[in-house]
Each structure stands twice: as structure tokens, then as C-alpha cells.
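Engineer: Have a look at the structure that comes next, please.
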Amino acid sequence: MYMRTLALALSLAAISGCTTSGNAAGNAVSATQAATSTGGDTSSDITFRNRSNWAILNIYMSPVSQATWGPDQLGAHILHTGESYTLHNVPCNSYDLKLVDEDHDECILNNVNVCNEESGWNIDNDDLLSCQAFTRRQQAQ
């Protein structure tokens, strides 16, 4: 498993326990985006683990080069406290991510490199609140 620290946002953790699965290849990742992938093994699995006190209603992804958000990766699923959700076969690329919690507060992460790895992100209270505060400051500018 690849280990990485994301400033102001989500900390990495080992992937374990029950997960609900989604397929990014069928959602935000189009054939065109997949064609821009590099390297031999061109996809990754990403597990989001909600360790916060708030349900996560939406997770949006878009390649950094794209100006609009892709579809909600959770679809009809809500990522409740203590749950995990895995996106499979996410093409190798750098993405912007947006998480929206039950209060409709947004956390935006820019330029997250997802390439040839299995990643897991713990979403805890401190990280989520810090990211939301940072996002609000960025949007106010």
C-alpha cells in the first residue's frame, strides 16, 4: 500500500474491515480520461473510511485538467460514521476531490495523485473540519 500525507485534509490508513464498493471507471472516469493514464498498471483502488461524526453525502472527482466536477462517486449511498467505501479501477491521474458532509459543508482537495496503488483515506473530525475551513477561505478569496 502506498503511504501519503495530504495537508489539511485526509490522513492515510490501511484498508481493512467491511467496505461498500463503487466503480469509478463507470462513474467519473470516462474512456477519454482513462486514455490519458500513464504507466503499465493504470488503475488504483481508493477506500474512503469515515471516522468523523458526520455522514459524507457526496464524493466528487475530476481530473485536475477538467474545470467541472464529475458525478457523485457515492451515487445513492451515504458514507455514515464508521463505514468505508471503495472506488475500484480509478485510472492513474491527478484528481481534485470534493467531499460534502451531512451539513452540506465542503472539503476540497486539489491535485491528489492516484497512480498504480491502493490508497485508503481516513476522514476524521479534525481533518474534515480543517479541510472545510481551508475550503471556505479559498472560496472567499
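Quick note: the coordinates plus some simple rules give every number you see, no bench work behind them. None of the values given here were measured: they were computed from a predicted structure. Heads up, the Cβs are rebuilt from the backbone with ideal geometry, glycines too, and the neighbour counts pull from every protein chain shown.
Engineer: For region 65-72, just list the computed ³J(HN,Hα) in residue order, Karplus coefficients 6.51, -1.76 and 1.60, θ = phi - 60°, integers in Hz, with x standing in for Gly and Pro.
Structural biologist: Rounded to whole hertz, the list is 6, 9, 8, 10, 6, x, x, 5.
Engineer: Could you give the nm distance between label points at ASP103 and ASN89, where each point is 7 Å from its Cα heading toward the beta carbon?
Structural biologist: In this crude label model, ASP103 to ASN89 measures out at 3.8 nm.
Engineer: Using a 7 Å offset from the Cα along the Cα-to-Cβ direction at both ASN113 and ALA140, what is the distance between the two label points in nm, to one decimal?
Structural biologist: Each label point lies 7 Å from its Cα, and together they span 3.2 nm.
Engineer: On to the next question. Using only Cα atoms, locate the centre of region 43-89 and the centre of region 127-141, then give the distance between them in Å, rounded to an integer.
Structural biologist: The two parts, judged by their Cα centres, are 18 Å apart.
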